[in-house]
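The values are calculated or read from the model by the stated rules, or taken from the named source; none is laboratory data. These numbers were taken from a predicted model, which means no experiment stands behind them. Please note: Cβ atoms are built from the backbone with ideal geometry, for glycine as well, and neighbour counts cover all protein chains shown. Just so you know, the surface numbers come from the protein's heavy atoms only, side chains and all, with ligands and any DNA or RNA stripped out. Shrake-Rupley method; radii C 1.70, N 1.55, O 1.52, S 1.80 Å.
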Amino acid sequence: MSGQDPFCQPRRVRRGAALTLVFASVLVAGAATGSFPAAEPLDRKSASDRARSAAYASPQEDVAKAAEEAMADGKSPMEAAERAVSRSGDRWGAVYSQGEYEEFEEALDGEYTGVGLWARREGDGRIEVAKVASGSPAAAAGIHEGDRLRSVDGRKVDGRPVTEVVSLLRGDAKDAAAGTTVRLGLERGTRAWSETLRRARLSTDDVTVRTLAGGGITVIRIGAFTKGSGDRVRTAVRQAPIGTGIILDLRGNSGGLVTEAVTAASAFFDGGLVATYDVEGDQRALHAEPGGDTTRPLVALVDGGTMSAAELLTGALQDRGRAVVVGSRTFGKGSVQMPSRLPDGSVAELTVGHYRTPSGRGVDGHGITPDLDVEQHVVERAETVLSGLGQ
């Protein structure tokens, strides 16, 4: 499992509420930035269903009412909304301050505050540096790929999920600003040392492309679905050498803009269904654009950090027989959140539905099981699979 410091971070744990992740929502990102997919309705709730629903306040209405009443009483609407979200039992429900949500939207534009480290968890539970962003504080400090990360601000990280390690690297809302510091305990061979890094504003490099030596295989890694990532995937596929295979690396991809995930899917499909989803009972569909490469051998790599919109893409590739999925079971985040602005500018986010793969599989709480379960040397196994597919 791997992760990058600005993404997949547990933003906070509220009273009774579960982990909330920056890129853990499937559709909230699109709604928040005005790029919510103009999806095609499949069917609608009946009049009796709507009447029955109208007789009860929705969780969104409960949260909005609590915030408005708190504002009228001179209390904090955000704190009242947090209590209402906690009572709702919504696993993914959360409330963000205005500043936090603005930061979230900036991240979707491809910017973040962090130190420029990607982390991965090895089979023995050790956390290693998977990648160092060029020009980042981590790069300036001489941290290298493969270095072992022992601690963050004095907290040992061995055995922790990558999401928790990312959260520690990223910092809480109050201390995650550019210029704040984080102290890392590191190890390289027999050398152990500490390094204090100052967080900075960085640009994400969410789509990277490389060619494997020898076989000419193109590896396209998508770190997150930020704006423009889908088109960059399509460009990479068009520019890949003719007759060669592609490895689509979705490991550690915690999601993002669902519209970008659908655009990425369009690189491999000639139209057709990518996923269905419901919003308060209204069924909708997401379709790929025509004109994608439907014949080139393709392997998709996934792991426990593959979630949300990345699972949506994986499910489409697997269900439609377009790719062989290699790796380990994905996270299992298949619910749809919608944001709503509260009177003080904060934002409440609650679950309103779930999405399904083209064959109708639900992902939430289950994840996607790869076609080939592989924990070690995943890229090498993917090369072997591609050779069997005619690479």
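Highest-first packing order for the peptide set 347-355, 212-220, 293-301 is 347-355, 293-301, 212-220, based on the mean count of other beta carbon atoms within 10 Å. Surface composition of segment 163-235: carbon plus sulfur atoms hold 47% of the accessible area, using a 1.4 angstrom probe and ignoring ligands, DNA and RNA. Taken one residue at a time, the phi angles of segment 262-267 give Karplus couplings (6.51, -1.76, 1.60, θ = phi - 60°) of 5, 4, 4, 4, 5, 5 Hz. Gly and Pro are set to x.
Phi angles of segment 272-283 translate, via the Karplus equation with coefficients 6.51, -1.76, 1.60 and θ = phi - 60°, into HN-Hα couplings of x, 6, 9, 6, 10, 8, 10, 10, 6, x, 7, 8 Hz per residue; Gly and Pro are given as x. Cross-link pairs exceeding 28 Å in C-alpha to C-alpha distance, out of 75/156; 131/227; 131/156, comprise 75/156. When only Cα pairs below 8 angstrom with a gap of at least 6 residues are kept, segment 276-373 shows a relative contact order of 33 percent. Protection proxy ranking, highest mean first, for peptides 305-314, 230-239: 305-314, 230-239, where packing is the per-residue count of other beta-carbon atoms within 10 Å, averaged. Here the accessible area of segment 84-146 is 40 percent carbon and sulfur, with a 1.4 angstrom probe and all protein chains present. Across segment 276-386 the C-alpha pair distances fall into 5 Å bins from zero in the proportions 2, 11, 19, 19, 16, 13, 9, 5, 3, 2, 0, 0 percent.
Of the solvent-accessible surface of segment 276-320, computed with a 1.4 Å probe and all protein chains present, 41% belongs to carbon and sulfur. When you count the other C-beta atoms within 10 angstrom of each residue and take the mean per peptide, 185-191, 126-132, 91-97 line up highest first as 91-97, 126-132, 185-191.
Count the net charge of all other residues whose Cβ sits under 14 Å from the Cβ of residue 231, scoring Lys and Arg as +1 and Asp and Glu as -1.
+1
Were the residues from residue 235 through residue 190 laid out at 0.36 nm apart, the gain over their Cα-Cα distance would be 11.9 nm.
In the context of the full set of protein chains, segment 175-322 has a per residue accessible area of 35 Å² (1.4 Å probe).
For segment 209-347, the share of DSSP beta bridges that are antiparallel, to the nearest 5, is 45%.
Cβ under 15 Å from residue 361's Cβ, residue 361 left aside: what net charge do those residues give with Lys, Arg +1 and Asp, Glu -1?
On the way: positive: 320, 329, 333, 356; negative: 278, 311, 319, 364, 371.
The answer is -1.
Give the calculated FRET efficiency between residue 344 and residue 201 to the nearest 0.05, with a Förster radius of 25 Å applied to their Cβ-Cβ distance.
Numbers: r = 26 Å, r/R0 = 1.04.
After rounding to 0.05, the efficiency reads 0.45.
What the phi angles of segment 341-353 give under the Karplus curve with 6.51, -1.76 and 1.60, with θ = phi - 60°, is a coupling list of 7, 9, x, 8, x, 6, 10, 9, 10, 10, 6, 10, x Hz, glycine and proline written as x.
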